[in-house]
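**Student:** Below you will find the structure I want to go over with you.
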Amino acid sequence: MRAREQLRNAPVPLEIDEIVLNRALTRPGDCARCKTIAKRTKKAQQFLHREFQEIPLRVAEDPGEPILGPSALLAFGRHVFDGEALKSKLQKVSKLKEVELEAIDWPSLEVPLTLTLGKGGVGKTTISAGLAFHSRRPHPKESVTICSIDPAPSLDDVFRSEIGAQPRSVLNDPKLKAAEIDAVAEYEYWAAEMQQKVESATSTEVRGVHLDLSFERDLFLAVLDVVPPGVDEIFAAFRILDLVDAGGRVQIDMAPTGHALEVLRTPARLLGWARVLLKTLAHHRTLPLARDAAVEIATVSQRVRELAATLSDPKRSCLWVVMLAEPLPDRETRRLLDALREMNAPVPGVFVNRVLMVTGNCTRCNRASSWQKQTLAKIREWNVPVYVVPEFSEEIAGKNGLQRLTKKLWRLR
Ligand SMILES: [Zn+2]
């Protein structure tokens with residue numbers, strides 16, 4: 001529903017033509033886990049029929065194994081779009097590697113600023129909420145603020161209350177606060193202010209002489225318009241720095257991977273952009289308002305430097321990566337970790353979310369579990385601490401949910 005809203009409000013409004021319900025399970029057999037997934041599928045189908053009556057719905061069965069290679073992809077495409085039954089190829093999982101796990105305590109936020117990164121749909125928000133929630137016990141006197149800059153935030157669902165731009169306390173804990181920052185709105189607000197400043201500065205009369213500075217003004221506004229990617233998030237990050245400066249611990253639920261990486265790479269780009277903005281104003285330093293704008297931009301540059309310094313200082317910040325034990329995200333996460341290493345970002349570990357712990361004798365679940373174990377064995381070779389979060393049959397929400405979540409954690413040996 002959020003997607004429909006966003007598409008309708010896009011610069012070129014769009015409508016949803018079709019919906020694909022992915023990873024559906026319609027014939028669960030008598031496995032308890034599969035039955036739960038089937039129940040969820042049914043609920044989702046009912047919801048979609050109710051809310052999107054007029055839009056065709058396609059159902060994509062979960063084959064219980066990753067779709068790898070062109071022939072599997074073709075079969076899957078025929079299943080989803082031509083309605084053919086999905087025959088599982090029962091791909092042979094290459095020789096099963098056993099993974100050894102040791103039970104450990106959930107980590108807590110040890111530095112002022114903690115960020116969580118990961119692809120969409122891996123449970124990044126849940127893990128972020130778990131970290132924030134769990135940090136209240138070892139540091140009862142310190143406040144913890146969890147803040148989402150994901151364009152599709154879901155803190156509302158985890159905390160079961162409406163979360164807005166201003167931090168507000170959740171779960172009846174005055175020291176646990178949550179906020180969702182709309183990055184684009186933060187930037188637009190700043191840009192509008194700047195625009196106003198410059199417009200009045202460049203159409204001013206100085207000692208009775210009207211100065212026509214329209215060229216510089218247009219140039220400045222044009223530069224203000226060509227925002228480098230990630231700049232809006234940086235403005236959200238300034239809000240976050242304010243929170244860090246205010247004390248306590250801050251946990252940021254970042255935007256999905258690719259976008260988040262852009263954000264982390266932005267400081268350098270943003271400094272260049274600010275320099276160009278300053279240059280367009282350079283000839284008019286004598287005009288007080290142009291000077292104001294210049295000071296403002298210089299302040300932004302200074303804050304960007306502060307942000308970059310915080311993000312590369314292991315005493316002040318750290319960055320957790322969240323992923324699923326699936327072969328494809330596994331490659332993507334690998335690239336992410338390499339990129340983070342290149343940036344010298346302090347990474348204390350990787351959370352592998354929704355790992356099946358007990359599988360019984362269901363073929364589908366056992367196959368899924370084998371794939372997960374195979375992926376975990378690969379991740380172990382990455383030279384980074386790996387934390388395994390078990391799969392829960394129900395959505396993690398509210399105090400009870402977060403308590404259950406943060407009770408169990410394993411570390412890959
Ligand atoms: Zn099953």
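The values are calculated or read from the model by the stated rules, or taken from the named source; none is laboratory data. Quick caveat, the model's predicted, so the values are computed rather than measured. A quick note on method: Cβ atoms are made from the backbone with ideal geometry, for glycine too, and the neighbour counts reach across all protein chains shown. Accessible surface areas use protein heavy atoms only, side chains included; no ligands, DNA or RNA. Shrake-Rupley method; radii C 1.70, N 1.55, O 1.52, S 1.80 Å.
**Student:** Taking a probe of 1.4 Å, how large is the accessible area per residue of segment 16-82, in Å²?
**Tutor:** Numbers: 4260 Å² over 67 residues.
Normalised by residue count, the accessible surface of segment 16-82 is 64 Å².
**Student:** In addition: Round to the nearest 0.05 the FRET efficiency obtained for Glu395 and Gln196 when R0 = 56 Å and r is the Cβ-Cβ distance. Could the numbers behind the result be given before it?
**Tutor:** Working: r = 45 Å, r/R0 = 0.80.
Approximately 0.80, to the nearest 0.05.
**Student:** Here's something else I'd like to know. Can you give the longest stretch of the chain with no exposed loop site, where a site means GluC sites (Glu not before Pro) in a DSSP loop (not H, G, I, E or B) with at most 12 other C-beta atoms within 10 Å?
**Tutor:** Working: sites that count: Glu15, Glu18, Glu54, Glu84, Glu98, Glu100, Glu162, Glu394, Glu395.
Between exposed loop sites, the widest span is 163-393.
**Student:** Could I ask something else about it? Rounded, prolate or oblate: which fits segment 79-195 when a ≥ b ≥ c are the square roots of the eigenvalues of the alpha-carbon gyration tensor, with rounded for a/c under 1.5 and prolate only if a/b beats b/c? Could the numbers behind the result be given before it?
**Tutor:** On the way: a/c = 2.56, a/b = 1.39, b/c = 1.84.
Judged from the Cα gyration tensor, segment 79-195 comes out oblate (a/c at least 1.5, b/c at or above a/b).
**Student:** May I ask you to give the average projected area over all directions of the convex hull of the Cα atoms of segment 16-82, in nm² rounded to one decimal? Each step should come with its number before you reach the end.
**Tutor:** Working: hull surface 20.5 nm².
Over every viewing direction, the Cα hull of segment 16-82 projects on average to 5.1 nm².
**Student:** Normalised by the residues of the chain, what does the relative contact order come to in percent, with Cα pairs under 8 Å and at least six apart? Could the numbers behind the result be given before it?
**Tutor:** Numbers: 632 pairs, mean separation 84.6, N = 413.
This gives 20 percent for the chain.
**Student:** If you roll a 1.4 Å probe over the heavy atoms of the protein chains, what accessible area per residue do you get for segment 351-413, in Å²?
**Tutor:** Working: 3060 Å² over 63 residues.
Counting only protein heavy atoms, the per-residue value for segment 351-413 is 49 Å².
**Student:** Which whole number in µm²/s is D for segment 330-413 by Stokes-Einstein, with the Kirkwood Rh taken over Cα pairs at 10 °C and 1.306 mPa s? Numbers along the way, then the final one.
**Tutor:** Working: Rh = 14.4 Å.
Diffusion coefficient, whole number: 110 µm²/s.
**Student:** Report, in listed order, any pair from Lys39/Lys399; Lys197/Lys279; Lys315/Lys408; Lys119/Lys408; Lys315/Lys399 with a Cα-Cα distance greater than 20 Å. Don't skip to the answer; put the middle values down first.
**Tutor:** Values: Lys39/Lys399 24 Å; Lys197/Lys279 16 Å; Lys315/Lys408 27 Å; Lys119/Lys408 23 Å; Lys315/Lys399 30 Å.
In this structure, Lys39/Lys399; Lys315/Lys408; Lys119/Lys408; Lys315/Lys399 lie more than 20 Å apart at Cα.
**Student:** Leaving out ligands, DNA and RNA, and with a 1.4 Å probe, what % of the accessible surface on the chain is carbon or sulfur?
**Tutor:** Details: 11380 of 21860 Å².
Carbon plus sulfur share of accessible area: 52 percent.
**Student:** Moving to a separate point now. Suppose we keep just the DSSP beta bridges with both residues in the chain; what percent of those would be antiparallel, to 5?
**Tutor:** On the way: 10 of 42 bridges.
Taking every DSSP beta bridge with both residues in the chain, the antiparallel ones total about 25 percent.
**Student:** Can you run phi through the Karplus equation (6.51, -1.76, 1.60; θ = phi - 60°) for segment 35-50 and list ³J(HN,Hα) in whole Hz, with x for Gly and Pro?
**Tutor:** My calculation for segment 35-50 gives 5, 4, 5, 5, 5, 5, 4, 4, 4, 5, 4, 4, 4, 5, 5, 6 Hz in order.
**Student:** How large are Rg and Dmax for the chain when only the alpha carbon atoms are used, in Å?
**Tutor:** 24.8, 89
**Student:** If DNA, RNA and ligands are ignored and the probe is 1.4 Å, what is the ranking of Lys197, Lys141, Lys119, Lys279 by accessible area, most exposed first? Could the numbers behind the result be given before it?
**Tutor:** Details: Lys197 55, Lys141 175, Lys119 75, Lys279 155 Å².
Largest accessible area first, the residues go Lys141, Lys279, Lys119, Lys197.
**Student:** How high is the relative contact order of segment 16-82, given as a whole-number percent (alpha carbon pairs under 8 Å, six or more residues apart)? Write out the running numbers ahead of the final one.
**Tutor:** Details: 61 pairs, mean separation 27.9, N = 67.
For segment 16-82, the relative contact order is 42 percent.
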